[in-house]
Each structure stands twice: as C-alpha cells, then as structure tokens.
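Peer 1: Please see the structure below; I have some questions.
The numbers here are math on the coordinates, done by the rules we state, and not lab data. Predicted model, so just to flag it, every value in this text is computed and none were measured. Ideal geometry is used to build each Cβ from the backbone, glycine not excepted, and the neighbour counts take in all protein chains shown.
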Amino acid sequence: MRDTYLKMLYGLAKRDSEVVSLVSDNGLIVYDDFRRDFPERYYNFGIAEENMVAAAAGMASCGKIPFAYTISAFIAYRAYEFLRDDVCFQNLNVKLVGIGSGITYSTLGPSHHTTEDIGLLRSLPNLTVFSPATRAEVGWMMEEAYRIKGPVYIRLSNNKEEYYDTNTEFLIGKPAIIQPGSNLTIMVTGTIINEVMKAVRELENDGISVEVVSVHTLKPLDTKYIAKLIQNAECLVMVEEHNVIGGLYSAVAEVMAKENIMVPNLAIGLPDMFAVDYGQLDAVRRANGLDGKSIYEKIRNFVDKVSYGKSNNNKYK
Amino acid sequence: MDEIKELKKRIFLTAYKAGAAHLASAFSVIDVLYVLYCKSILTYDLENPWMESRDRLIMSKGHASLALYVILNKIGMIRDEELESFCQPGSHLGGEPKMGAAPGIEASTGSLGHGLPFAVGVALACKMNGYNNKIYVVIGDGECQEGTIWEAVMAAVRFKLDNLVVIMDDNRLQAMDSVEEIMGISSWRDRWEAFGFEVEEINGHDLNEIETVLKRNNKCRKPRLIISHTIKGKGVSFMEGIPIWHYRMPNEEELEIVKKELGILEKELIR
C-alpha cells in the first residue's frame, strides 16, 4: 500500500509542480526516487509533526499541494489541534497521509496504534477521511485526494492482498462491494478486510451467503446509498481495527438512526479499550479478538441468535 | 493628536461597543503595526490585496487582533462599518482573526503557537516560487512557552528562511503574572541566537527606532527576530504592566481615566 502511495505521489509530482512532499523523519529509502527527482519539493521537518502540519497549511495557503506523511498516530493525536485550526478550519488543500494505521505497529503498543483516529478526524469539518483496504483503493484515493480542493486524511497500513478487478470503479462516499451475498452484510474498513475474508470463507462453509462491503470513505458518507445497501439486510456486521466508539460502527449507526433503519447489527472492533499484547500483527489481532477465527465466531454467534429469534429454528449448518 | 493615540482611541471605542477585547495586548503591539503598514515597510496593494507575491503579516498572538483590524481600517482594507461590527452578531471580525475575513488577515489564529509554524510554510512556499517578499509574524513573549514556537524556529533556520521576520511583542506579561515569574525567563536574545536567528532589540514604543530596524535588511541568510520591548496596556495609566488587564473592560470610574488619557468624548462612547 505504501508503495502504491509513493508511486502515485511521484506521478502527481511529475504532473503538477505544486505538489510538495513533507515528512517528519520517516520514509528512509522509500522516498529516494522523489528526493532524487524533486529535491526542491521535498522537506523533512524532523521530529516535529505539529510544525509539519501547520507549515503544510501555510504552504497550501500559497497554492502548494502538500502531502504530509508520517505515522498516523502522530497526525491524528500529536498534531490534532494543528489539523483542526490550521488545516480544517481554514479549509486548506493539505493531504495528510498516515502510515501504520490501526494496530500495524503490533510490537510497539498503543503509543503507535491508531484506534481512535477515525472517531477524532471524522468529526472535523471540511476533512475527507479515507481508510483504504487494498492497493487498488489507495491508487484511486490518491487521484481523488488530488482532485479534492481541501483537506484529506488517508489512513494507510499494509496489505498485499487484493480483492478488486483492475477495472473496478470507486466512488467517493459510496462503499465498494467486494462480493455480493444474501444472508448477511459485513461492512469493513481498512486492512482488517483480510481477517474478515478468512471469516467469510468459514461462514460460507456453513452455508451462509455473505455480502462484503469495503467502506473506503468514512467521510463524506453517501447516506442514501448506504441506507439502500443495508435496509434489507437480514444481519449487519461492522468490522474495524478501531474502537467501536466513533469509527465505522458509529458512522453506520448514524445513517441507520437518520434513515430510520432497524436491522439486527453487531460491532466488531476494540470494545472501548486500547489494544492489548505485543507480537506479530496476527498474534495481536488474535489477542484482541480481531483475527479471522474470532471474527467468524462472533459473527456466527450473532447470526444464530438473530436466526433463532426469527424462526426458532436455525437454518444454517 | 498623535497617530498612535488616535489608533488606541479607535481600539478602545471599538472594544467598548463590542463589550470585550484584549485591550492591553492591542495597546502594546499597535506601534509596531503602525510602522509596518504606514511607513512603507510592509507593502500592499489595495487594488489587488491577495496578489500571490504580497508581503504578509501573520498575527500569531491572535488575541491582539483588534490592533490589526484598526490598522487595516486605517489603510483602507477594512471598512468603518466592518470595524464597528467587531465581535457582534453577523460580523466576520472576531476576537481572534479568521483567515480571509478581510484583506490582510492571512491566517486564523487564536490558539497560541500556531502562527509561526504556519508562517514557516508560507515563507517556504514563497521562496519556492522565487518571490522577493517578506513574511512578518507577530508573536508574544509568553507565547514562546508553546513548544511549537521552537519547532518552527528550528525549521526556519534549517530551511534558511531569510524572508521571515519574527517580531516578538515582549511586554513581559501573560494572563496570570509576569513571564519571568511564571517561567523564569527574563531574556530571549541568547535563546533565539543559539537556535540560529539574527536577533535585534528595539523599544517597541519608539517609532523611529522601530522604523530604522525594520527597514534594515538581513545581514546574512538567516531568519530574523526583532524583540520589541513594550509595555502591556501602554497609553492607559492604570492598565500599564498590570496582568489583570489582559482581558477586561474598565468600570465607570476607570472609564473616566481612559476618556481623559485617550482623548475620548462622552458622545463618542457608543454601545
């Protein structure tokens, strides 16, 4: 995903001389091509994320298109007030690109996790919030971020898997359907999609037909489109590598409340806690109930409850 | 009547109508703003106020906005009726400045420690575009307690922003007490020089001295700091150097003194 981002950034810089790259002491090696070919448009602000974000706003006020890149936690938390006052309040054309989102830095612990960023940033006026699941989404998002004349946050992490055909068309605010299904709709944001797809294979083995939808844009959300997507769902599950407060589940619940939609629903994410444990990403996801098996079990449990409630007779294997 | 007193009168009458303002902060910084705008230092074009290569002034100490508004009114960037609407319903001129609310308002500030980092980005962009303009930033001495001031200072030196002129309104007071009492700092020169700024000091109420120093060019490829020694509340005897006047309006008794000292007539006081 990061490679896709850098490739796209390079292309945008080639196309438009106003595109500028800001980093805060990260991106060793990966920025080499950019630095070699556009040295006058590359600035390392050092370990000073607040300054980088405010300076990006200053640059944008002069017509530049800065892409400010650092670890997501340091954009969303460390530089929050600068993002709010300097970038969003002034509605400036700054692109904030966070790496290592969710619990990607699984060996480092919560100081380097972003598991509340969607909640924080979604509530900032003028800001577009993107949370890509795969490289295809990142590629589209970079074009979209460039097209938007205003602040954009992109919540990157890593994913080598791909679930889209090369000709998939993405639309801002409209979740992308990864696969159709009839018994259950799973809405997911970000790279936790990989764990969700493992769970989906298990659910399908049980005879459950699952629709999988990737919510790549957390804001703006096309309310009507989402309402249409979920209003007839038998069961609805939201999965996110984020606190269940403020993120995807909250965003969809807002749509449900607004559109008066009541479908049985389940939130899978961090239940208002910081992620526990250290280790490889798989292990930390498992420790927090966010691995494929745990997700499968939670969903299966939920589906059974809903199904019993309806017919007193579980129709699935 | 001298022009500074006239400007202070305008500041007071505008604040009086609104019912609130950071009067003492506006009084300490008005002389410097006057010299910048009225002595051909900061150049502007009334016909084309947003010209890309313009000089810019960023009020990092946003609470002194009223001083900026009154100067922008004096040079014709803000109309009288706009100024008179200050801090009232429907106005775009608030207690803290909002970018683009009027020509000459270059950044939304208010939370301290934002204007200087923002200005670093502006100065960098102007250099990238090859402009020969100047970016002036007014900060407070108390504001230097914000960490981002120092992040910006390091970056300004590293990026050789010799188009950046930081003016510190060094009135030695903050909301609760003196800067020295609160954070133990009595001198700024060494600190800024150590970081690589070219530092000069002026009496911020001596118009000739302000003009002489501001008209001088940088000696080397360094960003500049001008420490402007001022008196918070300057011009109204009972406000001078008294912390409580950071954000307060006079009572009836005090009002009589203000009227006398700033030459305000009863009929000019409109609420």
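Peer 1: Which lysines have a Cα lying under 20 Å from the Cα of A:Lys149, excluding residues fewer than 8 positions away in the same chain?
Peer 2: In chain and number order, the partners are A:Lys14, A:Lys64, A:Lys95, A:Lys174, A:Lys219, B:Lys98.
Peer 1: Starting from the Cα of B:Glu3, step 7 Å along the direction of its Cβ; do the same at A:Phe274; then give the gap between the two resulting points in nm.
Peer 2: Result: 5.7 nm between the two label points.
Peer 1: Another question about this same structure. So, with +1 on the Cβ of K and R and -1 on the Cβ of D and E, and no other charges, what is the size of the charge dipole of the protein assembly as shown about its Cα centre, to the nearest 20 debye? Please report the intermediate quantities before stating the final value.
Peer 2: Numbers: 65 positive and 79 negative charges, 235 e Å.
The dipole of the protein assembly as shown has a size of about 1120 debye.
Peer 1: Hey, got the average number of other protein chain Cβ atoms within 10 angstrom for residues in A:39-46? Could the numbers behind the result be given before it?
Peer 2: Working: counts 0, 2, 1, 0, 7, 2, 9, 4.
Mean number of neighbouring Cβ atoms from other chains: 3.
Peer 1: Something else about it: Can you give the extra length, in nm with one decimal, that the chain gains between A:Ile245 and A:Asp33 once fully stretched, where that is 0.36 nm per residue apart less the Cα-Cα distance? All intermediate terms of the calculation are to be shown ahead of the outcome.
Peer 2: Values: separation 212, 0.36 × 212 = 76.32 nm, distance 3.96 nm.
Computed gain between A:Ile245 and A:Asp33 is 72.4 nm.
Peer 1: From the P(r) of region B:182-226, could you give the percentage of C-alpha pairs in the tail past 13 Å?
Peer 2: Numbers: 591 of 990 pairs.
Above the 13 Å cut-off, region B:182-226 has 60 percent of its Cα pairs.
Peer 1: Of all the Cα-Cα pairs you can form in region B:115-198, what percent are over 23 Å apart?
Peer 2: Numbers: 822 of 3486 pairs.
Here the tail beyond 23 Å accounts for 24 percent of pairs.
Peer 1: Inverting the mean 1/r over all pairs of different Cα atoms, compute the Kirkwood radius of the protein assembly as shown and quote it in Å. Don't skip to the end; give the middle numbers.
Peer 2: Working: mean 1/r = 0.0380 Å⁻¹.
Across the protein assembly as shown, the inverse of the average 1/r is 26.3 Å.
Peer 1: Which is the longest run of chain B containing none of the GluC sites (Glu not before Pro) found in DSSP loop states (not H, G, I, E, B) with at most 15 other C-beta atoms within 10 Å? Spell out each step's value before the answer.
Peer 2: Values: sites that count: B:Glu47, B:Glu52.
For GluC sites (Glu not before Pro) (loop position, at most 15 other Cβ atoms within 10 Å), the longest site-free span of chain B is B:53-271.
Peer 1: Give the separation of the Cα centroids, region A:133-195 to region B:124-171, in Å.
Peer 2: Centre-to-centre distance over Cα atoms comes out at 40 Å.
Peer 1: Which log10 I(q)/I(0) values does region B:21-179 give at q = 0.18, 0.21 Å⁻¹ under the Debye formula, counting every alpha carbon as one identical point scatterer?
Peer 2: With no solvent term, the Cα-only Debye profile gives -1.12, -1.48.
Peer 1: Continuing with the same structure: What would the Debye equation give as log₁₀ I(q)/I(0) for region B:3-268 at q = 0.10, 0.15 Å⁻¹, counting only Cα atoms as equal point scatterers?
Peer 2: These q points yield log10 I(q)/I(0) values of -0.46, -1.08.
Peer 1: Same structure, new question: Report the FRET efficiency, 1/(1 + (r/R0)^6), for B:Arg189 and B:Glu266, where r is their Cβ-Cβ distance and R0 is 41 Å, rounded to 0.05. Present the calculation step by step, with values, prior to reporting the outcome.
Peer 2: Values: r = 45 Å, r/R0 = 1.11.
That pair, B:Arg189 with B:Glu266, gives E of 0.35.
Peer 1: Mind checking which lysines have their C-alpha under 21 Å from B:Lys5, skipping anything on the same chain fewer than 8 residues away?
Peer 2: Hits, sequence-local ones excluded: B:Lys17, B:Lys39, B:Lys74, B:Lys232, B:Lys234, B:Lys259, B:Lys260, B:Lys267.
Peer 1: Moving on to the next point. Can you give the direction-averaged projected area of the convex hull of the alpha-carbon atoms in region B:186-271, in nm²? Working shown, then result.
Peer 2: On the way: hull surface 32.8 nm².
Answer in nm², one decimal: 8.2.
Peer 1: Take the Cα coordinates of region A:63-216, assign each an equal point scatterer, and use the Debye formula without solvent to give log10 I(q)/I(0) at q = 0.09, 0.16 Å⁻¹.
Peer 2: At q = 0.09, 0.16 Å⁻¹ the computed log10 ratios are -0.31, -0.90.
Peer 1: Now for a different question. Along the Cα→Cβ direction, 7 angstrom out, place labels at A:Glu204 and B:Arg79. What is the inter-label distance in nm?
Peer 2: With each label placed 7 Å out from Cα toward Cβ, I get 6.6 nm.
Peer 1: Past the 29 Å Cα-Cα mark, which pairs from B:Lys61/B:Lys134; B:Lys61/B:Lys127; A:Lys160/A:Lys224? The partial results should precede the final answer.
Peer 2: Numbers: B:Lys61/B:Lys134 19 Å; B:Lys61/B:Lys127 24 Å; A:Lys160/A:Lys224 32 Å.
Over 29 Å apart, Cα to Cα: A:Lys160/A:Lys224.
Peer 1: What 222 nm value per residue comes from the helices of chain B, counting each DSSP H run with n ≥ 4 as -39,500 (n - 2.57) and dividing by all residues, nearest 500 deg cm²/dmol?
Peer 2: On the way: 10 runs with 105 residues, N = 271.
The per-residue figure over chain B is -11500 deg cm²/dmol.
Peer 1: I need the per residue convex hull volume for region A:1-139, using only the alpha carbons, in cubic angstrom as a whole number.
Peer 2: Details: hull volume 14.5 nm³, N = 139.
Looking at region A:1-139, the number lands at 104 Å³ per residue.
Peer 1: Across peptide A:18-25, how many C-beta atoms of other chains are within 10 Å of each residue C-beta, on average? Walk me through the numbers on the way to the answer.
Peer 2: Working: counts 3, 0, 4, 0, 2, 0, 1, 0.
Rounded to a whole number, the mean comes out at 1.
Peer 1: Continuing with the same structure: Quick one: what Rg and Dmax do you get for region A:176-311 from the alpha carbons, in Å?
Peer 2: Radius of gyration, then largest Cα-Cα span, for region A:176-311: 14.3, 43 Å.
Peer 1: Separate question: Roughly how compact is region A:210-249, stated as its Cα Rg over 2.2 N^0.38 Å to two decimals? Present the calculation step by step, with values, prior to reporting the outcome.
Peer 2: On the way: Rg = 10.7 Å, N = 40, 2.2 N^0.38 = 8.9 Å.
The reported ratio for this selection is 1.19.
Peer 1: Please rank A:Trp140, B:Trp50, fewest neighbouring Cβ atoms within 10 Å first, as an exposure proxy. Before the final figure, lay out the partial values.
Peer 2: Working: A:Trp140 22, B:Trp50 10.
Arranged by neighbour count, lowest to highest, A:Trp140, B:Trp50 become B:Trp50, A:Trp140.
Peer 1: Scan region B:185-246 for trypsin sites (Lys or Arg not before Pro) in coil per DSSP, keeping those whose Cβ has at most 16 other Cβ atoms within 10 Å, and list them by number. Present the calculation step by step, with values, prior to reporting the outcome.
Peer 2: Values: sites: B:Arg189, B:Arg191, B:Lys215, B:Arg216, B:Lys219, B:Arg221, B:Arg224, B:Lys232, B:Lys234; in loops: B:Arg216, B:Lys219, B:Arg221, B:Lys232, B:Lys234.
Hits after loop and neighbour filter: B:Arg216, B:Lys219, B:Arg221.
Peer 1: In addition: Taking the Kirkwood radius as the inverse of the mean 1/r across Cα pairs, report the Rg/Rh of chain A.
Peer 2: Values: Rg = 19.7 Å, Rh = 20.0 Å.
Using Cα coordinates only, the ratio equals 0.99.
Peer 1: A follow-up question, please. Taking 0.36 nm per intervening residue step and subtracting the Cα-Cα distance, what contour gain separates B:Asn129 from B:Asn217 on full extension? Show your work: numbers first, answer last.
Peer 2: Values: separation 88, 0.36 × 88 = 31.68 nm, distance 2.05 nm.
Fully extending the segment from B:Asn129 to B:Asn217 adds 29.6 nm.
Peer 1: Just to compare against my own numbers: the Cα pair-distance distribution for region B:65-150, 5 Å bins, whole % per bin, please.
Peer 2: 3, 13, 21, 21, 17, 16, 7, 2, 0
Peer 1: Here's a follow-up. On average, how many beta carbons from a partner chain sit within 10 Å of the beta carbon of a residue in A:89-96?
Peer 2: On the way: counts 4, 6, 3, 4, 0, 1, 0, 0.
Mean shielding count: 2.
Peer 1: Which listed residue (A:Ala233, A:Val244, A:Gln179) has the Cα farthest towards the positive end of the charge dipole for region A:150-262, taking +1 on Lys and Arg C-beta and -1 on Asp and Glu C-beta about the Cα centre?
Peer 2: Value: A:Val244.
Peer 1: Let me ask another. Could you tell me what percent of the DSSP beta bridges with both partners in chain B are antiparallel, to the nearest 5? Numbers along the way, then the final one.
Peer 2: Working: 1 of 23 bridges.
In chain B, DSSP labels about 5 percent of beta bridges as antiparallel.
Peer 1: Label points 7 Å out from Cα along the Cβ direction at B:Asp177 and A:Lys224: separation in nm?
Peer 2: 6.2 nm
Peer 1: Calculate, axis by axis, the spread of Cα positions in region B:220-264 along the three principal axes, and write the results as whole Å, longest axis first.
Peer 2: Principal extents (Cα only, largest first): 52, 22, 12 Å.
Peer 1: Working out 0.36 nm times the residue gap between A:Met262 and A:Ile177, then minus their Cα-Cα distance, what length gain in nm do you get to one decimal?
Peer 2: Values: separation 85, 0.36 × 85 = 30.60 nm, distance 2.12 nm.
Contour length minus the Cα-Cα distance gives 28.5 nm.
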